[in-house]
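Okay, so here's the structure we're looking at.
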């Protein structure tokens, strides 16, 4: 998860990771509905029916060429938005919340059409979802997405990470 301008060193590191792993990763991206099912099985979510929240997800997909290319022809984004409840497994997410998100609710936005996922309020949950969801062919060509994915696998799927390192 990136929070601001990237330094030359960061970009160089992302490119190195990309070169090392891009040919070892195969498209395995799960759909937005699969991400929602995963989250609902593990966490308590509250549907967040707010026009601004829907628009944030909708417009991110349409105004960002990287996400827009993932839409099938003649389709529009289909946002779903949630708040992660600070109960059950969600309590752990809130307890481990980074200082920059301190006292913020964890927001989850998912576009069912493109598979775009937006997490605000927890870098840890972002990494967990990225490791679960996987990458598509567009993501694999993007050094930032691959570097983020590899970092997420280290934390949430070390078995797959180790397999990728062996090849």
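Where does the stretch 27-166 land on the Kirkwood hydrodynamic radius, alpha-carbon pairs, in angstrom?
Numbers: mean 1/r = 0.0641 Å⁻¹.
About 15.6 Å, per the Kirkwood formula over Cα pairs.
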- prompt: Rounded to the nearest 0.05, what FRET efficiency is calculated for residue 160 and residue 91 with R0 set to 25 Å and r the Cβ-Cβ distance?
  reply: 0.40
- request: Sort 113, 122, 7 so the one with the fewest other Cβ atoms within 10 Å of its own Cβ comes first.
  value: 7, 113, 122
message: Need the C-alpha centroid separation for the stretch 1-46 versus the stretch 63-109, integer Å.
response: 13
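What order do you get for 31, 152 when you list them from fewest to most C-beta neighbours inside 10 Å?
31, 152
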task: Would you calculate a helix-derived [θ] at 222 nm for the chain, using -39,500 (n - 2.57) for each DSSP H run of n ≥ 4 and dividing by the full residue count, to the nearest 500?
output: -15000 deg cm²/dmol
message: Using a Gaussian network model on the chain with a 10 Å cutoff between Cα atoms, which of 98, 51, 59 fluctuates the most?
response: 51
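For the residues 161, 149, what sequence is obtained by ranking on other C-beta atoms within 10 Å, fewest first?
161, 149
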message: So for each of 86-92, 138-144 I average, over its residues, the number of other beta carbons within 10 Å; can you give me the resulting order with the highest mean first?
response: 138-144, 86-92
- prompt: Pick from 131, 37, 53: which residue has the top mean-square fluctuation in a GNM of the chain where Cα pairs under 10 Å get a spring?
  reply: 37
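Read the figures in this text as sums done on the coordinates, not as results from a lab. Nothing here was measured: the structure is a model prediction, and the numbers come from that model. Positions of Cβ are backbone-derived with ideal geometry, glycine not excepted, and every protein chain shown enters the neighbour counts.
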